[in-house]
Amino acid sequence: MSGRKTGKNSSCYEIEQRRRRASVEAIVQSAKPEPTTLCQPAVPIGPPIQKRMLTINQEASDRSLQNAQVLDREGPKARAYTPRYEGANADPREFPCNESEREFKTYECKRRFMEMLVSTDPFDWRPEADEPEDQDYGIDETERYQFRSPPLQRTEKSPSYKYLKDMCIELREKEVPSDRIYHGHVFLDLEEPATVESVEIDINQTCVGTDANGKVTFVKLTPDGKNNALKLKLLPNRQPKLLLPGTEPQPGESTAGKSLPKEFALIETIPKKVILQPGTNAIPFEIYVPEDQVPTFTYTSLKGQSVYNYYSAGALVRLNGNNERTGRVAIVVPALGGKNVGYSDTKDNYEFVLSNKYFTKDDGFGYTVGYEEGEKPKNVKAQVVQLVKCREIGLNEETPVADLGDASRADGKSNPVLDKYRQNPDNKSVKDEWDGSYYDENIVINPTTPTVQAGGFTCDYRLELKVGEKTYEGPVILVDHYDDKEPKRPDLSNISKRKDFKPSEWTERSGSS
C-alpha cells in the first residue's frame, strides 16, 4: 500500500477538485449561445440539444461546486426548454435562452428534423404523388387493350410458375395519337396475391439495313454508333408529373418543369410498390412521345437492299422478389407535316409556287408557274424523283416515282393552286403581274417511305419542272399525317429543308421502287 495521503487536506485532493471545477466551467461555457451579427439571436445548427441541470443539494466545502452542471443530451426526446437552477440557500434562477427557440415555427422545424433522423416511417409521400392504399388494379377481359406483346413463356421450374399465369404489355393505340400520348398498361393474370416491387418500361429504337448480298447491318443512329434504348421506371418512382403543352400545374403541385423532354417520357409515375389480388390486373402508364422523333419507316430497293427503322416496348417486372420480363410490342411513330404550308421562288422571269410542300398518300400537293407576256413557255411538264442514300449498305439511287405529264394553262393572275396558297397568311406573298400560268393540283404519288434522315440513311423527294427548254427542281416532303401547325423536323436532310427552286437538268430515267 502506498503511504500517500488522500484526505481532504492533501494536495492530491486539491488537484482533483480543480479538475472537476474546470470541467464544470467548460460545460457551462459550451452551452452558452454565440453572439451573431446585426443583433440577431443565435440559431442552433444540427439536431436540438436538451439542456438538463444537475442540482447540488448538499453544501460542500468548495462553494464553486454549487454552480449548475449542464448536461447535453441528444435524441428524439430532446426538447427546447429553459432549465432551472437551485443552489444551496439560494433563489431559483433561469438560464438564458435564445428567443428563436421559443418560436413555434423553429420548434416545429427542429422537432420534424429530429424525427426524420430517428425514423422516416411516419412520413408520407408528397400528396401529389401519393398512391391510395386501397388502389384497385383489377380489370376484366373487356378492358384489355388490343395491341399486346406475345404471352409469357414459362416452365414449371420458373419461380413464379405457381402464382403467375400470364403477363404482357398492352397498348391502346397502334400508332402515336395526335396528342402525342401513348396509353398502355402492364397486364398480369395471378393465381395468388402478389407484391409488385418494381416496373420498368424500356423503349428500343432499331435501324437495320440489308445489302444486296443479304448481310445485315445496324445503321448508326447516333455519332457513337449506338441505337437508342430508354429505360423508364414506372414504380416505385416519385418523379413529379410531366407538364404537357396547354396544361397548368395545380396549386401546390410540383412539376417536372416547363420544358418538354426530348425523348420518350412517362407522364406520371407510381411512388410505391403495389399489392395485386388474384385474377386479372393491369398497372397503367402514359408515355409522352416528342414530335421530333424519327418516324417508323421501311424502304426496299429493286436491287435487294432494304432499311427498316422501328420502335418496340417491353416491361421488366419484379414480382415477389423474382424478375419477369414481358415480350415486346411494336410502337409506330408517324412522320408529321404542316397542312397548306407552301413556298415560292422566282427564277429567270418565272415565278414558282408550291401550295403545300408537305403531302400524304391521300392528300397530294399542287404547283404553278406564273409568267408575264413575252415570257410564255411553250409547255410545262413535271415529275417526282425519289433520292435514297445509305452508304453502310451501298445504297445510292435516284428513281422517278411519278410522271405528272403536262400542266394545265390558265389565263390571268389566278388559278386554283395560287388561290389555295394564298389561304395561308404565313406563306410568302407572290406577284400580281401574271399574264398567265401553268398549274397542276392534287398530285398523289405511291411511295410508302416518308421523307426522313436517320443516321446514315436519307430519303428525299424533289419536284422537277421542265419549263420550255429549261428545268428547275424544288423539294417536296412525304408525311404520314398532318399536324395543326408545322412541326419541328430535325430528321430532315438539307435537301428537304430548302424553300426554293434551282436550275437542274431533266433526265429521262426508268424503273420505280
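A short reminder: the numbers here are calculations on the coordinates, not readings from a lab. Just so it is clear, the structure is predicted and the values come from calculations on it, not from any experiment. Reconstructed Cβ throughout: ideal geometry from the backbone, glycine too, with neighbour counts over all protein chains shown.
Taken along the Cα-to-beta-carbon direction at a fixed 7 Å, the label points for LYS499 and GLN135 span 4.7 nm.
Computed from backbone phi, the HN-Hα couplings of segment 139-151 come to 9, 9, 5, 6, 8, 6, 8, 6, 9, 9, 6, x, x Hz, rounded to whole numbers (Karplus: 6.51 cos²θ - 1.76 cosθ + 1.60, θ = phi - 60°; Gly and Pro given as x).
The distance between label points at ARG318 and ARG238 comes to 1.7 nm (points 7 Å beyond Cα on the Cα→Cβ vector).
Please identify which residues in segment 383-413 have an amide N closer than 17 Å to a label point set 7 Å out from the Cα of THR471, following the Cα→Cβ vector. So the set is 383-388, 397-407.
Given LYS357/LYS488; LYS347/LYS488; LYS413/LYS485; LYS231/LYS497; LYS420/LYS499, which pairs have Cα atoms separated by over 22 Å? It would help to have the intermediate numbers written out before the result.
Values: LYS357/LYS488 14 Å; LYS347/LYS488 28 Å; LYS413/LYS485 29 Å; LYS231/LYS497 32 Å; LYS420/LYS499 18 Å.
The pairs that break the limit, which is 22 Å between Cα atoms, are LYS347/LYS488; LYS413/LYS485; LYS231/LYS497.
How many percent of Cα pairs in segment 336-504 exceed 23 Å? Could you put the intermediate results ahead of the total?
Working: 5162 of 14196 pairs.
Result: 36 percent of Cα pairs exceed 23 Å.
With a Förster radius of 25 Å, plug the Cβ-Cβ distance of TYR163 and ARG325 into 1/(1 + (r/R0)^6) and report the FRET value to the nearest 0.05. About 0.90, to the nearest 0.05.
If the segment from TRP506 to LYS488 were pulled out straight at 0.36 nm per residue, it would be longer than the present Cα-Cα gap by 3.3 nm. Compute the FRET efficiency between GLU175 and LYS378 as 1/(1 + (r/R0)^6), taking r as their Cβ-Cβ distance and R0 = 56 Å, and round to the nearest 0.05. Efficiency at R0 = 56 Å is approximately 0.75. Calculated FRET efficiency, ASN204 to ASP403, Cβ-Cβ distance, R0 = 51 Å: about 0.80 to the nearest 0.05. When only alpha carbons of segment 129-331 are considered, Rg and Dmax amount to 19.0, 62 Å.
A protection proxy built from the mean count of other Cβ atoms within 10 Å ranks the segments 261-274, 354-367, most packed first, as 354-367, 261-274.
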